[in-house]
Amino acid sequence: MKNLLIYAMEIGEQMLISGAEVHRVEESIARMCTAFGAKRTDVFIITSSMVVTVYADNNETHTQTRRITKSDINYEKLHRLNKLSREICEKNLTEQEIKEKLDLAINCKTYPLWLECICYAVIAGAFTLFFGGNLIETLVSFVIGVTVRFGILLSEKAVSNKIFTKFFSSVIASALAFIAVKIGFVDSVDKVIIGNIMTLIPGIGLTNALRDLFTGDSIAGLLRSIEAVLIALAIAAGYFLVVVLGGVVL
Amino acid sequence: MTHSEIIQILSGFIGSIGFAFLFNIRGWRLVVTAFGGFLSWALFCVLNNFISSEPVNYFIVALVISVYAEIMARLLKTPTTTFITTALIPLIPGSSLYYTMAYAFQSNSESFLERGVYTLQLSSALALGIIIATTLARIHSKK
């Protein structure tokens, strides 16, 4: 039971990291533990911590906790973990099988970094166009998008702080947009910055936060909401810093 | 359908695909997500001809897309989050948020408040649509 619980915890933790809602993870863990033969399972999850207690048949109890510090949205991984947790409930997988499948899910392929850079550029460019930018603004936004991705890479290497990374990215995007205006590529920074904000904005965070709140996971929802608001403030702060400095320098 | 609307639908579609790649969505799920991104803004543009209130439009689109996401998630046996978060990307009020902060910086408190409240209205409408669809789906699956 103890060993099996470790797998349930591992699957739950990885699901949470890859972007699942709290409700889904709690449900999955409870179901898996029932499939493992637990009489009763108590699961409590917030975005940064998990506590699970299982009651085995021989009146033994096991409690395990996990501290979750990462968040890295990866829906392919989530899909595989979700599939694995269903399989555990439906079939009687052996420990070895679970271990193999879990390893396979965790180490699933991701798109290469260069493609991610292009994605940032394409998203930034697309939304500059979307919000009414002209062709040149779109191109400038495209180039800034790539730079922002490298900025994120740099910031993540130096300090692993999500809020700071957003702040730093916002500074890069705004500064380059103002420089582009200064050189004379574009007339106004608005559309270029808007396009790049779309890659940084905590839209998904806020959506998940509200979903958690309304499905009854109030604490997890509140934590996510606060995080989303802080990220929005960090983006605004980065923009403000550039405007203030720009006013002094230019 | 005006010229700018077509550009918006296409660029929103491309933006959604970009996010789908960032979130490592593959295979059929990528196709479903991309179509969702296309559908969301196309529906918004169509509704715009009948309903003048943007938040109401946002609510309806979010509701329809969430239902689409719930159905597709069941068909492809994958978490709904995958489709909801990426297909609704074009509706995220990025521009509204930008102008809110730009007005805040210009100390233009009247426009700041107006924009800020509007941004909140849009995101609440979006969330409400998603939540209603999700809750309905859950009632259905509990039966």
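The values are calculated or read from the model by the stated rules, or taken from the named source; none is laboratory data. Note that the coordinates shown come from a computational prediction; the quantities given were computed from them, not determined experimentally. Positions of Cβ are backbone-derived with ideal geometry, glycine not excepted, and every protein chain shown enters the neighbour counts. Note: accessible area is taken over every heavy atom of the protein model, side chains too, but ligands, DNA and RNA are not part of it. Shrake-Rupley method; radii C 1.70, N 1.55, O 1.52, S 1.80 Å.
In table form, for the structure just shown:
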read-out: Virtual paramagnetic centre 7 Å along Cα→Cβ of A:R86, amide N under 19 Å, in the stretch A:34-55; value: A:34-36
read-out: A:I163-B:V31 FRET efficiency (beta carbon distance; Förster radius 41 Å; 0.05 resolution); value: 0.75
read-out: Label point distance in nm, A:L222-B:V46, each placed 7 Å from Cα along Cα→Cβ; value: 4.2
read-out: Stokes-Einstein diffusion coefficient of the stretch A:165-250, Kirkwood radius over Cα pairs, 20 °C, 1.002 mPa s, in µm²/s; value: 153
read-out: Whole-percent pair-distance distribution, where bins are 10 Å wide, for the alpha carbons of the protein assembly as shown; value: 5, 22, 32, 24, 12, 5, 1, 0
read-out: Stokes-Einstein D (µm²/s) once Rh is taken as the Kirkwood radius of the stretch A:2-106 over alpha-carbon pairs, at 25 °C in 0.890 mPa s; value: 181
read-out: Listing of the stretch A:187-212 residues, each with accessible area lower by at least 30 Å² in the full protein assembly than in the chain alone (probe 1.4 Å); value: A:D190, A:I194, A:I197, A:M198, A:I201, A:I204, A:T207, A:L210, A:R211
read-out: Helical contribution to [θ] at 222 nm, DSSP H n ≥ 4, -39,500 (n - 2.57), averaged over the protein assembly as shown, rounded to 500; value: -25500 deg cm²/dmol
read-out: Å² of accessible area per residue within the stretch A:2-106, as computed with a 1.4 Å probe and no ligands counted; value: 49
read-out: Portion, in percent, of the accessible area of the stretch A:113-249 that falls on carbon or sulfur, probe 1.4 Å; value: 75
read-out: Cα principal axis extents for chain B, largest first, Å; value: 50, 34, 31
read-out: Those residues of the stretch A:47-94 for which accessible area with every protein chain present is at least 10 Å² below the isolated value (1.4 Å probe); value: A:I73, A:N74, A:Y75, A:E76, A:L78, A:H79, A:N82, A:R86
read-out: At R0 = 45 Å, FRET efficiency that the Cβ-Cβ distance of B:S4 and A:N3 yields, to 0.05; value: 0.15
read-out: Accessible carbon and sulfur surface of the stretch A:2-106 relative to its total accessible area, %, 1.4 Å; value: 44
read-out: Rounded accessible area per residue of the stretch A:113-249, 1.4 Å, Å²; value: 44
read-out: List of the stretch A:112-138 residues, accessible area with partners at least 50 Å² below that of the chain alone (1.4 Å probe); value: A:C119, A:I123, A:F127, A:F130
read-out: 1.4 Å probe accessible area per residue over chain B, in Å²; value: 46
read-out: Of all accessible heavy-atom area on the stretch B:3-142, the percent that carbon and sulfur account for (1.4 Å); value: 71
read-out: Set A:K191/B:K77; A:K39/A:K83; A:K91/A:K162; A:K101/A:K157 screened for pairs whose C-alpha atoms are more than 32 Å apart; value: A:K191/B:K77; A:K91/A:K162
read-out: Chains A and B together, accessible area buried on both sides, 1.4 angstrom probe, square angstrom; value: 4500
read-out: Inter-probe distance in nm under a simple model that places probes 7 Å from Cα toward Cβ, at A:Y55 and A:L113; value: 5.1
read-out: Residue-count net charge about B:S123 - beta-carbon cut-off 14 Å; Lys, Arg +1, Asp, Glu -1; value: +2
read-out: Most to least packed among A:204-216, A:7-19 [average Cβ atoms within 10 Å]; value: A:7-19, A:204-216
read-out: From phi via Karplus (6.51, -1.76, 1.60), per-residue ³J(HN,Hα) for the stretch A:225-237 in Hz, x at Gly/Pro; value: 4, 4, 4, 4, 5, 4, 5, 4, 5, 5, 5, 5, 4
